[in-house]
Amino acid sequence: MATFNYTSDYFWRLALAHDPKNPMQLELHPGLNCGLYRCQYCFGHGQPLNPGRYLSAGEYEAIAESLGNSRPTVIISGIATEPLTHPDPAGILRAFRSRGFPVGLYTKGHNLNTQVREALVDGPGECFVTVSIDAGTSIDYKRIHNIASSKNEEMVHAASFENILDNIRALSTLKREHKPDLKLRASILVFEEMAQPGKLADAVRLLQDDVDLIRVAIAQDRNDGQRLDTLPQDREALLAQFSLEFSNNPKVAILTNSNTPTRSTAFKRCIVQRTQVTIDKSGNVFPCPQVALAPYENLKLGNVRDLSLPEILDSDRRKSMFDMDIDTEMRCRICDRKDEAINASVSGHFEAFNKILPDVIESPAQDNPSQILFRSR
């Protein structure tokens, strides 16, 4: 006997009622490269960026202006690049911070310089920064991130563990003085190095005085399906051990459900794309962060140099993807954990729809997509 999942159906109806012209999240990938970082665990490892000249800070200003009164959370990140390798990252931050957009930055931290730090604390509204650390010593840091050799002393210093810690401490000081509500977080992906006794505790001691939260997890498989052999073996037990070890430390969050690196297959459609888009370095718009790369050009929605972002958000091209099958039509089973959780939360609706309520009648209120009547057999 099938059971109707009311929670799943409720969130499905909420998503259906959401105005696609008013996204909840806008993700930007402005970075041009990763500097000296050659991280083997990178989601987009080995996958080329889309061609085209990068967007200027002025063009990001135009994107922010085009959204009018809409205020999606703006995530500045990258799937195969470091966002702060753009020539003017502070200008991008100011384009959105000065207008009161909620802004989140995900970075390795090596270009978290004075100008960027000042732009982060200057402006109204929510702001959070997550610095990916993944190590607790200089030797481990260089090995885990596969830092390339270089004769450029400035780049070598920028990618050093010591510089990352200095940048975090400088931002922490600035935050206390100018924007105490800025959330400064560190993230640690656990590989063989961090699995050794005492290594995570040492890293926590280095970070906890300057950050609001330290998030610890196991890396997902890369977009190409490859899994690193440097992941700990008994991951579930290790995360459970960490959870017990840091149970009394409110600044440490162990993601115990991250023990499985494999992508979820618990859903067939992408509900998240109804509420978010991603813009790559060249202005191409995609339904999610994971696919903003050349191998997924089939999912490109348009380019902000050809159409305004609001026009792309409301386009038939975008809406046509809402009901596509992820495996057979979109061909992108590479969701990150956030999107997986959201998509899985409404998978029960589709199960009920297919097994119990196969017939759908649109209500007379055609303009209100939340008003859908279901007829059972």
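The values are calculated or read from the model by the stated rules, or taken from the named source; none is laboratory data. What you see is a predicted model; the values in this text were computed from it and never measured. So basically every Cβ, Gly included, is an ideal-geometry build from the backbone, and we count neighbours across all protein chains shown. Note: areas computed on protein heavy atoms with side chains; ligands, DNA, RNA excluded. Shrake-Rupley method; radii C 1.70, N 1.55, O 1.52, S 1.80 Å.
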Check your understanding: Mind checking which residues of the stretch 257-281 are among the small types (Gly, Ala, Ser) and either in contact with a Leu (Cβ under 6 Å, 6 or more places away or on another chain) or open to solvent by less than 30 Å² (accessible area, probe 1.4 Å) (or both)?
Key -> Ser258
Review point. Do we find a residue being under 27 Å from Val346 (Cβ atoms), open to solvent by less than 40 Å² (accessible area, probe 1.4 Å), in a helix (DSSP H, G or I) and among the hydrophobic types (A, V, I, L, M, F, W, C) anywhere in the stretch 244-256?
Key: no
Revision key, fill the gap. Quick count over the stretch 306-333, residues being part of a helix (DSSP H, G or I) and out of contact with any helix residue (DSSP H, G or I) (no Cβ under 7 Å at 6 or more places or on another chain), is 10
Exercise for review: Can you tell me which residue among Leu200, Leu238, Leu189 is open to solvent by less than 50 Å² (accessible area, probe 1.4 Å), farther than 30 Å from Phe101 by Cβ and in contact (Cβ under 8 Å) with a residue 60 or more places away in the chain?
Suggested key: Leu200
Point to revise | Residue list for the stretch 28-58, filter: at negative phi and touching an Asp or Glu at 6+ places or on another chain (Cβ under 8 Å) | key: His29, Gly31, Asn33, Cys34, Tyr37, Phe43, His45, Gln47, Leu49, Asn50, Ser56, Ala57
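Pick from the stretch 102-126 the residues that are open to solvent by less than 10 Å² (accessible area, probe 1.4 Å) and either free of Cβ contacts under 8 Å to residues at least 60 places away in the same chain or polar (S, T, N, Q) (or both): which of them is farthest from Leu165 (Cα to Cα)? Steps first, please.
Initially, the stretch 102-126 is screened for residues open to solvent by less than 10 Å² (accessible area, probe 1.4 Å), giving 103-105, 107, 109, 112, 116, 119-120.
Subset that is either free of Cβ contacts under 8 Å to residues at least 60 places away in the same chain or polar (S, T, N, Q) (or both): 103-105, 107, 109, 112, 116, 119.
On the way: Val103: 22, Gly104: 19, Leu105: 17, Thr107: 13, Gly109: 9, Leu112: 10, Val116: 16, Ala119: 19 Å.
Here the answer is Val103.
Please report, ordered by residue number, the helices (runs of 4 or more DSSP H) entirely within the stretch 158-220 with at least 3 residues that are under 18 Å from Asp140 (Cβ atoms), out of contact with any helix residue (DSSP H, G or I) (no Cβ under 8 Å at 6 or more places or on another chain) and modelled with pLDDT of 95 or more. If you could, list the steps in order and put the result at the bottom.
Numbers: elements: 161-178, 192-195, 199-207.
Where helices (runs of 4 or more DSSP H) fall fully within the stretch 158-220 and carry at least 3 residues being under 18 Å from Asp140 (Cβ atoms), out of contact with any helix residue (DSSP H, G or I) (no Cβ under 8 Å at 6 or more places or on another chain) and modelled with pLDDT of 95 or more, they are 199-207.
In the stretch 282-296, is there at least one residue being open to solvent by 40 Å² or more (accessible area, probe 1.4 Å), assigned to a helix (DSSP H, G or I) and farther than 30 Å from Lys199 by Cβ?
Yes, the stretch 282-296 contains a residue that is open to solvent by 40 Å² or more (accessible area, probe 1.4 Å), assigned to a helix (DSSP H, G or I) and farther than 30 Å from Lys199 by Cβ.
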